[in-house]
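The values are calculated or read from the model by the stated rules, or taken from the named source; none is laboratory data. As the structure is a computational prediction, the values presented were derived from the model and not from experiment. Cβ sites come from the backbone with ideal geometry, for glycine too, and all protein chains shown count toward neighbours.
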C-alpha cells in the first residue's frame, strides 16, 4: 500500500572521487597515499599537549557558538599581523572545520533559486556545499599552460547570470596552487561589486606560498569587506586535519549570522580543540617556518623529477602542497587513478574530481615523507609510461 | 553604484532563545545556570583519559566519513543489546554531534518545496534545521495536563499536507520528558506509512528514563526501518556535550547517503573523539547507572519542591533531565526568564523557545549540583511569587 519515502536532491550529490580512491587504497595494502590534502606527519607535540591539557582541565562543555573570546581575539590579532590590516574579534567566527566554514557561507548566501560561480579546478567539496543548498554551481576553469594557471576575466564576466549571488575561489588554489595577486583581488572585487556578488575567499593554504611570506587576501581591501567572507582552517598550517577547526572572517553583522547558523549545524568547535588552536597561534611560528622549509624541499623534488617525464606538463605551483600535472592524451583520470592503485599501489587524486578544467590532470600531495614521495614518483613514472603506450 | 549583497533566507532564522538567556547570564555573574541541557559535572575521567590517550597516539588525521569501523561496530552492538533488535555496523554513521545528525537527516529528506511536521514543545534546533533546508516547519503540540503530555493523533492526521515529507520528534522529549511507548511508535509508524513520510526519531535521552531501562525506539519495528532514521548523541548519556559526537541509525542505503552528505558539512567527527566515544561504550555501563541514580534523586527533589509552589502545574517527566512546569497566567516566558536572570540571578529556558505549546512554561535542567538545584528552586519560588502579583 505505502511506497518508500524519497530522498531530497541533496542526498543524490555524488560522493567525493578522492574519497573513492581512498576507499580503493584501503583495499590494497601497501598503496602510497598521496590522494588526501593531509601531511603524513601527526599534529606537532606542542599542540597535542595543549589539547590533552585542555581535556584534563575540563574544557568538555558547550562553548559559545563563535568560540571562546580569547581564541577569536588571537585569530583576529594573528590575521591583522600577517596581512597588515585591521581585524576585530567580532569579525571572527570559529567553526568546527574549514568545511563547516564553507557550508555556513553557502547557507547564508544561497538558496534554491540562486547560482554561484566557482573558479576551478577546485576542491570538490566547495561545489558540493553550493549544491547542498539547492543552488546551481557554475564552474569557470582557470586557463592553463606550462607557465601556470591564470584567471580568465572575460570568461568570468560571461558566466554571470541574473540569479548569481556568489563567487567562490581558493587562493592558493587546491589543486592548482594558483595564487591571486593583490591586483587579481582588486579586479575580482570590482567584478563582485559590479554584479552584487558575495565573495567567498578560501585561504587555507595562505601560509604555504613559496615566492612570498603569505598569500594576499581580499580582506586587505577595506571597501570590499561588506561582500567578502574569508574561510580558513587550522588543518594545513598546523597539521590539524583530524581536529576539525577553522574560522570565517567577515564584517560583524555577517559574522553574527554565520554564528547563529552554526548553532543549527554543529553548534561549535569542541572546547579543548579551541584551546589547542589557541596554542597553535601563540606558539606556532617556529613550527610554521620549519614546515614550510620541508614543503619547499619536497616541492622542488616533485617538480624536478616530474618535469623529466615525457608527456607531462607541469606548472610550478606558487602555493599549496600539491603538484597538478597535465598528462598529455589522458581523458579519464578517474580510471587511470584507479589503475594506479590496483596495479601500482600508488594513490593520487584524479583531476576530474576537481570540476571543469581538471580532467587530464592528476593531483599529488607532496606533504609526505621524502622517501615516500620519491618512491611514489618512481611508481608514477613506470605506470604513466605503460599507460601512454595504450593511448 | 553597487548595492550590498543580500542574505539567503536561512541567514534570517533567529538565534536560539536559550542561547540569548545564556548570553544574558554571562553578563550577570552569580547566575545559576539551569538553561542548557548540560550537566554541570565534566566528562568522566575514563572517557577523558581515552581522549587524551588517543591524541598522544596520533589519532589526529582525517577519518572515514562514517567514523572508524570499530566504533560503528561498537555502536551497532550496543544498540542491538539495549533494544534487543538486530543492528549492523553499516547502518551506523558516526556524526560530529547529535546536531549534525539532525542536520544531515533534514538535508537528505527535505528541500524548499517540502514541509515537515514536528511534535512540540521541542528542542528548537530541530525546527531550525528544517528551516535551513528551506522547508516549512509545521508544529503540532502535545496535549498537556498535570498527568502528563500526550500525543494527539487527530491533530497529527489533520496537519499533513501534500508536500509533507518528514515527521520529526524526540522521545524522551526535550523539554517535555514525554516518552513514546512501543504502542505509540506503532501508531506513529503507521501514520508515516499512510502518508509516505520519513520518521526522524531523536533518542538522545533514551537512557535517562525513570520507569524502565530504556525508552522504546521505532528501530525495533522491523517493517518501519526503510523510513526510520534515529538520531543519537553521546552528550547526555556520557556527559560529552562539548566533544561533538553523535550518530544516526538507518538502513544501509540511507546511511550511505548521510555519510556522503557529512563529507560536505563537517567531513567527520574528530578521530580522538571517536576513540573517547568507543571507551564510553566499552566501559560506561557503571557510569550510566550511577549517573541515572543521581538524576533520579534530583528529579524527585525538583518535582516535590516545585509541586508545593502555587500557580504551577507540573507533570512528572518519565524521561530526560528537565522539568517543564506550566506557570498559570504566564504569557511571555522569554520576558519572565530575562527578569529571572537580571533580578534573581537564575537562568532557566523560556517555554516559548520550544515552539507551539511551549509558551507559559519554563524548562529547568536538574542535571546540576544538588545544592545549586535547591538554591535555584528557592530563587524561582521567590521570583514567581513576586511575578504572580503583577499578573
- Among the residues of region B:338-391, write down those that are farther than 16 Å from residue B:314 by Cβ, within 17 Å of the chain's Cα centre (by Cα) and not in a helix (DSSP H, G or I). B:350, B:355, B:356, B:367
- With (1) without any contact (Cβ under 8 Å) to a residue 40 or more places away in the chain; (2) buried (at least 16 other Cβ atoms within 10 Å of the Cβ); (3) within 23 Å of the chain's Cα centre (by Cα); (4) farther than 21 Å from residue B:120 by Cα as the list, and residue B:300 as the residue in question, which single condition is left unmet? (2)
- Which listed residue is more than 11 Å from chain B (Cβ to nearest Cβ) and modelled with pLDDT of 95 or more, from A:180, A:222: A:180
- May I ask you to list the residues in region B:118-131 that are crowded, with 24+ Cβ neighbours inside 10 Å, touching a residue at least 60 places away in the same chain (Cβ under 8 Å) and at the interface with chain A (Cβ under 8 Å from one of its Cβ atoms)? B:128
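Which one of these is touching a helix residue (DSSP H, G or I) at 6+ places or on another chain (Cβ under 8 Å) and more than 23 Å from residue B:99 (Cα to Cα): A:167, A:104? Lay out the reasoning, then the answer.
On the way: A:104 fails: more than 23 Å from residue B:99 (Cα to Cα).
Of A:167, A:104, the one residue that is touching a helix residue (DSSP H, G or I) at 6+ places or on another chain (Cβ under 8 Å) and more than 23 Å from residue B:99 (Cα to Cα) is A:167.
Determine whether residue A:122 is assigned to a strand (DSSP E or B), within 13 Å of the chain's Cα centre (by Cα) and closer than 18 Å to residue A:321 by Cα. I'd like the intermediate steps shown before the answer.
Details: assigned to a strand (DSSP E or B): no; within 13 Å of the chain's Cα centre (by Cα): yes; closer than 18 Å to residue A:321 by Cα: yes.
Taking the combined requirement at face value, the residue does not satisfy it.
Going through A:170, A:135 one at a time, which residue ends up being crowded, with 18+ Cβ neighbours inside 10 Å, within 30 Å of residue B:95 (Cα to Cα) and away from every other protein chain (no Cβ under 14 Å)?
Values: A:135 fails: away from every other protein chain (no Cβ under 14 Å).
Of A:170, A:135, the one residue that is crowded, with 18+ Cβ neighbours inside 10 Å, within 30 Å of residue B:95 (Cα to Cα) and away from every other protein chain (no Cβ under 14 Å) is A:170.
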- Item | Residues that are touching a helix residue (DSSP H, G or I) at 6+ places or on another chain (Cβ under 7 Å), free of Cβ contacts under 8 Å to residues at least 40 places away in the same chain and assigned to a helix (DSSP H, G or I), drawn from region A:1-35 | A:11, A:19
- Task: Please give the number of the condition residue A:4 fails out of (1) at pLDDT 95 or above; (2) at the interface with chain B (Cβ under 9 Å from one of its Cβ atoms); (3) surrounded by fewer than 16 Cβ atoms within 10 Å (Cβ to Cβ).
- Result: (1)
- Tell me which residues, restricted to region B:303-318, are without any contact (Cβ under 8 Å) to a residue 60 or more places away in the chain and under 23 Å from the mean Cα position of the chain (by Cα). B:303
- Note on the structure: Residue set A:86, A:38, A:73; condition more than 9 Å from chain B (Cβ to nearest Cβ), surrounded by fewer than 21 Cβ atoms within 10 Å (Cβ to Cβ) and not in a helix (DSSP H, G or I); output residue A:86
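Only one residue in B:78, B:115, B:111, B:97 is under 26 Å from residue B:166 (Cα atoms), surrounded by fewer than 24 Cβ atoms within 10 Å (Cβ to Cβ) and either within 11 Å of chain A (Cβ to nearest Cβ) or out of contact with any strand residue (DSSP E or B) (no Cβ under 6 Å at 6 or more places or on another chain) (or both). Which one? Let's see the steps before the verdict.
Values: B:78 fails: under 26 Å from residue B:166 (Cα atoms); B:115 fails: either within 11 Å of chain A (Cβ to nearest Cβ) or out of contact with any strand residue (DSSP E or B) (no Cβ under 6 Å at 6 or more places or on another chain) (or both); B:97 fails: surrounded by fewer than 24 Cβ atoms within 10 Å (Cβ to Cβ).
Result of the check over B:78, B:115, B:111, B:97: B:111.
For residue B:49, are the conditions met, namely being buried (at least 21 other Cβ atoms within 10 Å of the Cβ) and in contact with a helix residue (DSSP H, G or I) (Cβ under 8 Å, 6 or more places away or on another chain)? Break it down into steps so the answer makes sense when it comes.
Values: buried (at least 21 other Cβ atoms within 10 Å of the Cβ): no; in contact with a helix residue (DSSP H, G or I) (Cβ under 8 Å, 6 or more places away or on another chain): yes.
Answer is no for this residue.
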- Task: Report yes if some residue within region B:366-388 is surrounded by 16 or more Cβ atoms within 10 Å (Cβ to Cβ), at pLDDT 95 or above and closer than 21 Å to residue B:15 by Cβ; otherwise report no.
- Result: no
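Restricting the search to region A:89-99, which residues are touching a helix residue (DSSP H, G or I) at 6+ places or on another chain (Cβ under 7 Å), in a helix (DSSP H, G or I) and touching a residue at least 24 places away in the same chain (Cβ under 8 Å)? It would help to see each step written out before you state the result.
First pass over region A:89-99, keeping only residues touching a helix residue (DSSP H, G or I) at 6+ places or on another chain (Cβ under 7 Å): A:89-95, A:99.
Applying the additional criterion that residues be in a helix (DSSP H, G or I) yields A:89-91, A:99.
Passing the criteria: A:90, A:91, A:99.
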- Query: Which of (1) in contact with a helix residue (DSSP H, G or I) (Cβ under 7 Å, 6 or more places away or on another chain); (2) under 22 Å from residue A:86 (Cβ atoms); (3) within 14 Å of chain B (Cβ to nearest Cβ) is the odd one out, the single condition residue A:217 does not satisfy?
  - Reply: (3)
- Note on the structure: Only one of (1) touching a residue at least 40 places away in the same chain (Cβ under 8 Å); (2) in contact with a helix residue (DSSP H, G or I) (Cβ under 6 Å, 6 or more places away or on another chain) does not apply to residue A:344, and that is (1)
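With region A:204-319 as the region, which helices (runs of 4 or more DSSP H) entirely inside it contain at least 1 residues that are over 30 Å from residue A:373 (Cβ atoms)?
On the way: elements: A:252-263, A:271-283, A:285-306.
Counting at least 1 such residues, we get A:252-263, A:271-283.
Take residue A:141 and decide whether it is within 22 Å of residue A:197 (Cα to Cα), away from chain B (no Cβ under 14 Å) and under 20 Å from the mean Cα position of the chain (by Cα). Steps first, please.
Numbers: within 22 Å of residue A:197 (Cα to Cα): yes; away from chain B (no Cβ under 14 Å): yes; under 20 Å from the mean Cα position of the chain (by Cα): yes.
When the stated conditions are applied, residue A:141 passes them.
Identify all residues within region A:58-70 that are surrounded by fewer than 17 Cβ atoms within 10 Å (Cβ to Cβ) and touching a residue at least 24 places away in the same chain (Cβ under 8 Å); write none if there are none.
Let us first name the residues in region A:58-70 that are surrounded by fewer than 17 Cβ atoms within 10 Å (Cβ to Cβ), namely A:58, A:69-70.
The answer is A:70, and nothing else.
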- Message: If residue A:296 satisfies all but one of (1) closer than 18 Å to residue A:34 by Cα; (2) touching a strand residue (DSSP E or B) at 6+ places or on another chain (Cβ under 7 Å), what's the number of the condition it fails?
- Response: (2)
- Note on the structure: When every residue in region B:225-245 that is surrounded by 24 or more Cβ atoms within 10 Å (Cβ to Cβ) and within 20 Å of residue B:167 (Cα to Cα) is compared, the one nearest to the other protein chains (Cβ to nearest Cβ) is B:227
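Counting only residues that are at the interface with chain B (Cβ under 10 Å from one of its Cβ atoms) and surrounded by fewer than 21 Cβ atoms within 10 Å (Cβ to Cβ), how many does region A:252-262 have?
To start, the set of residues in region A:252-262 that are at the interface with chain B (Cβ under 10 Å from one of its Cβ atoms) comprises A:253-254, A:256-262.
Filter once more, keeping what is surrounded by fewer than 21 Cβ atoms within 10 Å (Cβ to Cβ): A:253, A:256.
Residues in region A:252-262 being at the interface with chain B (Cβ under 10 Å from one of its Cβ atoms) and surrounded by fewer than 21 Cβ atoms within 10 Å (Cβ to Cβ): 2 in total.
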- Mind telling me which of the residues B:269, B:276 ends up being at the interface with chain A (Cβ under 9 Å from one of its Cβ atoms), more than 18 Å from the chain's Cα centre (by Cα) and either under 21 Å from residue B:40 (Cα atoms) or surrounded by fewer than 23 Cβ atoms within 10 Å (Cβ to Cβ) (or both)? B:276
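Those residues that are in contact with a strand residue (DSSP E or B) (Cβ under 6 Å, 6 or more places away or on another chain) and surrounded by fewer than 24 Cβ atoms within 10 Å (Cβ to Cβ), I need them from region B:205-214; list them, please. First the steps, then the outcome.
Taking region B:205-214 and keeping what is in contact with a strand residue (DSSP E or B) (Cβ under 6 Å, 6 or more places away or on another chain), we get B:205, B:208-209.
Residue satisfying the conditions is B:209 alone.
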- Task: Go through B:15, B:51 for me and flag whichever is within 9 Å of chain A (Cβ to nearest Cβ) and closer than 30 Å to residue A:166 by Cβ.
- Result: B:15
- Message: Checking the structure you have, find out if any residue of region A:279-289 is within 10 Å of chain B (Cβ to nearest Cβ) and buried (at least 24 other Cβ atoms within 10 Å of the Cβ).
- Response: no
- Test each condition in (1) within 11 Å of another protein chain (Cβ to nearest Cβ); (2) under 22 Å from residue A:357 (Cβ atoms); (3) in a loop (DSSP other than H, G, I, E, B) for residue A:199 and report the one that comes out false. (3)
